[in-house]
Amino acid sequence: MTGRGAVLAALLCWAGAAVARDQVQIAGSSTVLPYASIVAEAFGDNYDFPTPVVESGGSSAGLKRFCEGLGENTIDIANASRAIRDREREACAANGVTDIIEVRIGYDGIVFASQRDGPEFADFTPSQWYRALAARLPDEGGAMVPNPNTRWSQIDPALPDVEILAFIPGTKHGTREVFEEKVILQGCEDTGAAEALAASGLDEDAVEDACMSLRTDGRAVDIDGDYTETLARTESDPNGVGVFGLSFYENNTARLKVATMDGVVPTTASIAAGDYPVARPLFFYLKKAHLDAIPGLKEFATFFVSDDLAGPGGPLADYGLVPDPDLAETQAVLLDGTVMP
């Protein structure tokens with residue numbers, strides 16, 4: 001039997017068998033984790049199903065588990081703070097996970113925060129972050145050289161005269177991709193470095209890779225855990241600046257102060273209006289094949305994006321989620337069981 005035939009046979013056996021697991025299993029984004037946990041607890045209190053199990057680990061880790069296959073030994077939902085990638089969908093398909101429902105739960109922003117009593121980091125731009133964290137920068141002649149900047153004031157005299165120390169999301173987190181593309185890559189373009197790289201003969205992909213290559217001398221510190229680890233590291237050094245999700249910051253304003261980005265204060269209102277430049281949609285991905293096989297899965301998914309939970313004034317908005325203005329469309333996707341094309 002071919003590999004594909006074996007997968008199909010296994011799926012048929014599973015679909016026809018009694019399902020031993022009666023608890024929804026979820027893993028993925030640390031940004032989506034608190035929202036999913038709020039919904040899971042409310043679901044357990046309001047439905048005659050066990051409270052779903054929600055684990056973190058990052059968007060990439062969650063989607064990797066999601067794509068391992070179908071059946072009671074695999075998770076039902078992957079939370080993600082970025083859209084699923086083509087290569088992840090290919091991995092899913094190779095393991096029989098072909099009918100995937102994408103559910104956008106709302107929006108969040110990435111913020112830049114530091115100790116309340118630390119240096120006055122008040123205003124940032126993508127250009128400043130690029131000059132602070134890029135592995136290589138163009139010199140006056142346009143040649144790319146190792147980043148010489150060690151203090152924020154070298155980048156801009158308006159910034160504090162302290163050592164550069166940034167705690168940024170690790171590569172397994174969806175937040176990292178948004179940080180690289182909307183801050184570092186944008187800064188590379190704004191400074192003209194991207195143009196200089198292209199003029200040197202690099203193609204578009206190589207320019208992007210060069211722009212987003214970050215320094216490894218200890219001034220850009222990857223945080224592989226969740227935002228609580230970023231908070232602990234930021235609090236351990238008064239010069240540290242951490243990259244957080246807006247909702248996490250809003251629940252820790254007694255311990256952190258936030259900077260603007262391009263002059264815009266990060267708030268749910270500025271994100272909803274499309275003014276804050278470092279915002280992104282949040283998702284969960286659902287296996288359609290599990291909807292009728294795992295008790296409570298369909299009910300949990302629809303409960304998650306109900307008006308009472310994910311709409312304006314609901315508990316997710318109270319925690320910091322920016323409600324999706326097209327929430328009704330998301331609800332219709334779940335109702336119809338519409339899979340990704």
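Computed quantities for the displayed model
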item	result
Gyration tensor (alpha-carbon) shape descriptor, segment 93-175, a/c threshold 1.5	oblate
Residue-normalised accessible area of the chain, given per residue in Å² at a 1.4 Å probe	43 Å²
GNM result for the chain, Cα springs below 10 Å: residue of Asp123, Asp292, Asp262 fluctuating most strongly	Asp292
Under 20 Å, Cα to Cα: Lys pairs in the chain, sequence gap 8 or more or different chains	6
Given charges at beta-carbon only (K, R positive; D, E negative), |dipole| of the chain in Debye	700 debye
Shape call, segment 194-301: gyration tensor on alpha carbons, a/c limit 1.5	oblate
Segment 40-106, relative contact order in percent, only Cα pairs under 8 angstrom and at least six apart counted	26 percent
Percentage relative contact order, segment 227-324, counting C-alpha pairs under 8 Å, at least six apart	22 percent
Segment 273-329, accessible surface, carbon-and-sulfur percent (1.4 angstrom probe)	51 percent
Antiparallel %, DSSP beta bridges [both residues in segment 11-164], to 5	40 percent
Summed residue charge, Cβ within 13 Å of Thr302's Cβ, Lys/Arg positive, Asp/Glu negative	-3
Positive-pole candidate from Leu63, Ala259, Ile110, dipole of the chain, charges at beta carbon	Leu63
For Ile184, net neighbour charge (Lys/Arg +1, Asp/Glu -1) across residues whose Cβ lies under 12 Å away	-3
Surface share of carbon and sulfur [accessible, 1.4 angstrom probe, percent] for segment 159-254	43 percent
Solvent-accessible area of Tyr249 with every protein chain in place, 1.4 Å probe, in Å² to the nearest 10	30 Å²
Rounded to 5, percent antiparallel among DSSP beta bridges of the chain	65 percent
Relative contact order, percent, segment 200-270 [alpha-carbon distance under 8 Å, six or more residues apart]	15 percent
Low-density loop positions, trypsin sites (Lys or Arg not before Pro), segment 65-101 - DSSP coil, at most 13 other Cβ in 10 Å	none
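The values are calculated or read from the model by the stated rules, or taken from the named source; none is laboratory data. Please read these numbers as outputs of a predicted model, since none were measured by experiment. Counting neighbours? That spans all protein chains shown, and the Cβs are built from the backbone with ideal geometry, glycine included. Protein only, heavy atoms only, side chains kept; ligands, DNA and RNA dropped before computing areas. Shrake-Rupley method; radii C 1.70, N 1.55, O 1.52, S 1.80 Å.
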